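Trainee: Just dropping this structure here.
The values are calculated or read from the model by the stated rules, or taken from the named source; none is laboratory data. On a predicted model such as this, the values are computed, not experimentally measured, just so you know. For neighbour counting, all protein chains shown are included, and Cβ atoms are generated from backbone atoms with ideal geometry for every residue, glycine included. Heavy atoms of the whole protein, side chains included, go into the accessibility calculation; ligands, DNA and RNA do not. Shrake-Rupley method; radii C 1.70, N 1.55, O 1.52, S 1.80 Å.
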Amino acid sequence: FQAETAVDQTRALFRAALAAALLYNLQFFAEWSLTPDALAFSAALHFGAVTPALLLIAAYARSADTPLQRDALGAAIPLLIAFQATATYVVSAAPGAPYYLTLLAVAPILSNSSLPLSKRAAMWSTAICLLLLAALTRLPHAAATTPLAFGGLAPISFCVVMTLVSAVQRNRSARRAWLLDLRHRLRMAEIGLEARHDPLT
């Protein structure tokens, strides 16, 4: 399965990495409105670290020959975005900073919806983003008088889990479709072999 679908998966990873870079930089406007006091810090991370890393992932995606390489490159996309959001949230003291935490849920939603990740890679990247989100809601923040309640972010966290379930089912369906196609090809080869042989001779 991996050998026959490698070309399609690398192309999908290349396109997804470029799309992630574009959407990620459009999200900079949200930081301008929610965390204006950390704008310079966020811009440095955006354009000096994360965006170049996303472009490097897109560049190396075409030469990712093994499933492990593709999973590592794909899973790095939401994790890079999540860690940048974490750093900006910690540095900012703006009142809108707590709302900025939703990016920790949006990153895995986008990756589970668009990246060709294996079940294991999707589960790990999603779990790390949700654990970061849960941890940050318990840390005191300058913009909040009390620690944020993770329950307040439960609906979007539920959406993250549903996109993970969808990604797992999509991966399973792709493998099942490949197995059915392989069985059909083997059966056609067997029929062709039988048609070319006379059992009497």
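Trainee: Given that just one value was derived from the coordinates, which of (1) 34, 25, 15; (2) 44, 18, 10; (3) 48, 21, 13 is semi-axes √(5λ) of the Cα gyration tensor in Å?
Mentor: Looking at semi-axes √(5λ) of the Cα gyration tensor in Å for this model, the match is (2).
Trainee: How many angstrom lie between the C-alpha centres of the range 1-45 and the range 58-80?
Mentor: 13
Trainee: A follow-up question, please. If R0 is 35 Å, what FRET efficiency do you get for LEU180 and ALA154 from their C-beta distance, rounded to 0.05?
Mentor: 0.35
Trainee: Can you list which of the trypsin sites (Lys or Arg not before Pro) found in the range 13-98 are DSSP loop residues with at most 14 other C-beta atoms within 10 Å?
Mentor: Passing sites in the range 13-98 are ARG62.
Trainee: So what does ASP198 come to for accessible area, using a 1.4 Å probe and Å² rounded to 10?
Mentor: Surface open to solvent at ASP198 totals about 80 Å².
Trainee: Under the 0.36 nm per residue contour assumption, what length would be gained going from the current alpha-carbon distance of THR66 and ALA19 to full extension?
Mentor: 14.7 nm
Trainee: In terms of solvent-accessible area of protein heavy atoms at a 1.4 angstrom probe, what is the ranking of LEU80, LEU18, highest value first?
Mentor: LEU18, LEU80
Trainee: Then there is this: Rounded to a whole number, what is D in µm²/s for the range 1-51 from Stokes-Einstein with the Kirkwood radius over alpha-carbon pairs (4 °C, 1.567 mPa s)?
Mentor: Rounded, D is 102 µm²/s.
Trainee: Protein chains only, probe 1.4 Å: how do SER42, SER173 rank by accessible area, largest first?
Mentor: SER173, SER42
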